[in-house]
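**Q** After the structure tokens below, expect a handful of questions from me.
Read the figures in this text as sums done on the coordinates, not as results from a lab. Note that the coordinates shown come from a computational prediction; the quantities given were computed from them, not determined experimentally. In this analysis, Cβ positions are derived from the backbone assuming ideal geometry, glycine residues included, and neighbour counts consider all displayed protein chains.
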Amino acid sequence: MIRGIKGIKDITPDEMPKWSVVERTAHALAHVFGFEEIRIPVFEKTDLYVHSIGGTTDIVEKEMYTFPDKDGTSLTLRPEGTAGVVRAFIERGLKTYQPSRKLYYIGPMFRHERPQAGRLRQFHQFGVEYVGSPEPAADVEVITLLWRFFSVLQLPGLSLELNSLGVLTDHQAYKKDLVSFLKTKEDRLCENCRRRLETNPLRALDCKVPGCREATKEAPFLTDFLSPSSKDHFDQVLQGLEALAIPYSLNPRLVRGLDYYSMTTFEVSCSALGAQNAIGAGGRYDGLFETLGGPSTPAVGFALGLERVILALPESTLPQPVPWIFVASFGEKGRPAGLSLLYSLRSKQVKADTDYTAATLKTLLRSADRLGAPYVAILGDDEVTKNEVILRNMATKEQEIFPLDTASSAIPAHLQSR
RNA sequence: GUGGGUGUAGCUCAGUUGGUUAGAGCGCCGGAUUGUGGUUCCGGAGGUCGCGGGUUCAAUUCCCGUCACUCACCCCA
């Protein structure tokens, strides 16, 4: 037997109601906030991701699904969405129409990681990109949309953390200072963090090893290195969130894993999840357009993981199922009359179904029960002769008689009125 | 990439200090009930005990390997 690939899951019909609610909410909320959907390819030239995400990040170094095209060009299954959106933006000249543009996407992403609760090799993200505005209000809007999304879905145990990396020169200066600080404590750092000194020193602040926590207690704060304008921008973001009553906390140690972030960064975590509790995150990436060969363009966005949302989604968020009708027809005259009723109901946009393998009323009712049908239309030879159809309420066992020739309108109307 | 846990019926899991026909609950099929489901009663089907090797008179049980699933590290959504 050929099995599916490790870390790649089927989304079965049982799980689809949750996915539908989550996706519908994403589309609706993005629309209300004035974001337009964009669909970008699931694979691109490898260089795009290397240049945008950063060559020394884990994603690029060991997590990408990369393969050669027939002509040898290196291609990669997208590990995230922002790079592709920015590429499309530049390539299609989307900026020429208006000063700023707000886009969103929903779709699968691919990373070759060891699977775990809330972490898969093919997973799905909903992300937005507010392109063209350097204003703090744009940051506020993106963060607010992220927070509202989770709130509307009633996810429990959420917390929003914010930080500012400042502009490039700010955090370069900081990085230098931090490295020299860490060097003085090098013997107390874990092996991992000693390696990070070279690759990604900011991550050492995030380390969970107690020794490292202790050693980095006195570390310089990024916040102290922010230029006045960076600081001012960040303050305005915070004020904007307060005005909208979005609860947040500051985390000067919050570091994002992708190289392109600058200024505001944020992350929402959910205590209802396991170890992988980051459910949505993002930030400003004012330098990315230039990095990818486009015009200098400020932008801010987020991405959130749909699988993690679904793991945390409470049952109460699911909508009530709509009533529908199981047609139980049998006998020489009943069968064709039932088929006719079945398709009449469907043509009136009413969900109706039957079981062609069941031939007796008993087996038909059993099928109806297993399918969870709230109503069954019973139609045998006797009913056809009398121009009748019986509507049975499966929960209460009540049965009502309708004239057969007008049943396809009368039954839906009757259900509506209840 | 590293470490831990778990692989027995469709599902959830017992079990065997190594011993002959491997169990339960739920589900499934049939009957009681030839025009009334879900409840009840009776009967039934369904298992290479993950796979490969080793030890042994004998392995589902012990040992080694391997694969899968899973949780955690790392990292991230």
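**Q** Report the full-extension gain for the segment residue A:371 to residue A:8: residue separation times 0.36 nm, less the Cα-Cα distance, to one decimal in nm.
**A** Values: separation 363, 0.36 × 363 = 130.68 nm, distance 2.86 nm.
Going from the current span to full extension adds 127.8 nm.
**Q** Provide the percentage of antiparallel DSSP beta bridges, counting only those with both residues in the range A:325-417; round to the nearest 5. Mind dumping the intermediate values first?
**A** On the way: 9 of 16 bridges.
Rounded to the nearest five, the antiparallel share is 55 percent.
**Q** While we're here: Roughly speaking, what is the stretch gain from residue A:355 to residue A:381, that is 0.36 nm per residue apart minus the C-alpha to C-alpha distance, in nm to one decimal? Display every interim value, and only then the final one.
**A** Values: separation 26, 0.36 × 26 = 9.36 nm, distance 1.77 nm.
7.6 nm is the gain from fully extending residue A:355 to residue A:381.
**Q** Which distance in nm do the two modelled labels at residue A:296 and residue A:188 give, with both placed 7 Å along the Cα-to-Cβ direction?
**A** Result: 4.2 nm between the two label points.
**Q** Oh, and also: What are the ³J(HN,Hα) values, in whole Hz, obtained from phi via the Karplus relation 6.51 cos²θ - 1.76 cosθ + 1.60 with θ = phi - 60°, for each residue of the range A:403-410 in sequence order, with x given for Gly and Pro?
**A** Per-residue couplings from phi come out as x, 5, 5, 10, 4, 5, 9, 5 Hz.
**Q** May I pose another question? Going by how many other Cβ atoms sit within 10 Å of their own, how do A:170, A:14, A:224 line up, fewest first?
**A** Values: A:170 21, A:14 7, A:224 10.
Result, fewest neighbours first: A:14, A:224, A:170.
**Q** So what is the relative contact order of chain A, in percent, for Cα pairs below 8 Å that sit 6 or more residues apart? Numbers along the way, then the final one.
**A** Values: 717 pairs, mean separation 64.4, N = 418.
Rounded, it is 15 percent for chain A.
**Q** Mind running the shape call on the range A:1-147? Use the C-alpha gyration tensor, a ≥ b ≥ c as the square roots of the eigenvalues: rounded below 1.5 for a/c, prolate if a/b tops b/c, oblate otherwise.
**A** Numbers: a/c = 1.99, a/b = 1.21, b/c = 1.64.
It comes out oblate by the Cα gyration axes.
**Q** Among A:215, A:334, A:239, whose Cα sits farthest toward the positive end of the charge dipole of chain A (+1 at Cβ of Lys/Arg, -1 at Cβ of Asp/Glu, about the Cα centre)?
**A** Result: A:334.
**Q** Quick one: A:129, A:15, fewest Cβ neighbours within 10 Å first, how do they rank?
**A** Working: A:129 26, A:15 12.
Fewest-to-most Cβ neighbours within 10 Å comes out as A:15, A:129.
**Q** Now for a separate question. Which cross-chain or sequence-distant (5 or more) residues have an amide H under 5 Å from the amide H of residue A:74, H modelled 1.01 Å from N in plane?
**A** A:46, A:69
**Q** Once both labels are modelled 7 Å past Cα along the beta-carbon direction, what's the residue A:168-residue A:363 spacing in nm?
**A** With each label placed 7 Å out from Cα toward Cβ, I get 7.3 nm.
**Q** How would the range A:325-417 be classified by its alpha-carbon gyration tensor: rounded, prolate or oblate, with rounded meaning a/c under 1.5 and the a/b versus b/c comparison settling the rest?
**A** Working: a/c = 1.31, a/b = 1.05, b/c = 1.24.
Here the range A:325-417 falls in the rounded category.
**Q** Under a point spin-label approximation (7 Å from Cα along Cα-to-Cβ), what is the residue A:70-residue A:348 distance to one decimal in nm?
**A** 5.4
**Q** Full-extension gain between residue A:90 and residue A:20, please, as 0.36 nm times their residue separation minus the C-alpha to C-alpha distance. Working shown, then result.
**A** Numbers: separation 70, 0.36 × 70 = 25.20 nm, distance 3.19 nm.
Gain in length upon complete extension: 22.0 nm.
**Q** Rank the residues A:5, A:279, A:38 as a footprinting-exposure proxy: fewest other Cβ atoms within 10 Å of their Cβ go first. Walk me through the numbers before you get to the answer.
**A** Working: A:5 8, A:279 26, A:38 17.
Sorted ascending by nearby Cβ count, the order is A:5, A:38, A:279.
**Q** Taking only the alpha carbons of chain A, what extent do you get along each of the three principal axes, in Å, biggest first?
**A** The Cα atoms of chain A stretch 94, 51, 48 Å along their principal axes.
**Q** When the Karplus curve 6.51 cos²θ - 1.76 cosθ + 1.60 is applied with θ = phi - 60°, which whole-Hz ³J(HN,Hα) does each residue of the range A:271-286 get, with x for Gly and Pro?
**A** 6, 7, 8, x, 5, 8, 9, 6, 9, x, 7, x, x, 8, 9, 5
**Q** In chain A, what percentage of the DSSP-assigned beta bridges are antiparallel, given to the nearest 5? Provide the component values of the computation, followed by the final result.
**A** On the way: 51 of 62 bridges.
Roughly 80 percent of the beta bridges in chain A run antiparallel, per DSSP.
**Q** Which whole-number percent is the relative contact order of the range A:325-417 (Cα, under 8 Å, 6+ apart)? Walk me through the numbers on the way to the answer.
**A** Details: 148 pairs, mean separation 27.4, N = 93.
Relative contact order of the range A:325-417: 29 percent.
**Q** Where Lys and Arg each count +1 and Asp and Glu each count -1, what net charge lies around residue A:384 among other residues with Cβ under 14 Å from its Cβ? Write out the running numbers ahead of the final one.
**A** Details: positive: A:333, A:335, A:386; negative: A:332, A:381, A:382, A:383, A:388, A:405.
Local charge sum for residue A:384: -3.
**Q** Using a/c under 1.5 as the rounded threshold, could you call the range A:118-217 rounded, prolate or oblate? The axes a ≥ b ≥ c are square roots of the C-alpha gyration tensor eigenvalues, and prolate needs a/b larger than b/c, oblate otherwise. All intermediate terms of the calculation are to be shown ahead of the outcome.
**A** Numbers: a/c = 2.47, a/b = 1.62, b/c = 1.52.
Since a/c reaches 1.5 and a/b is larger than b/c, the shape of the range A:118-217 is classed as prolate.
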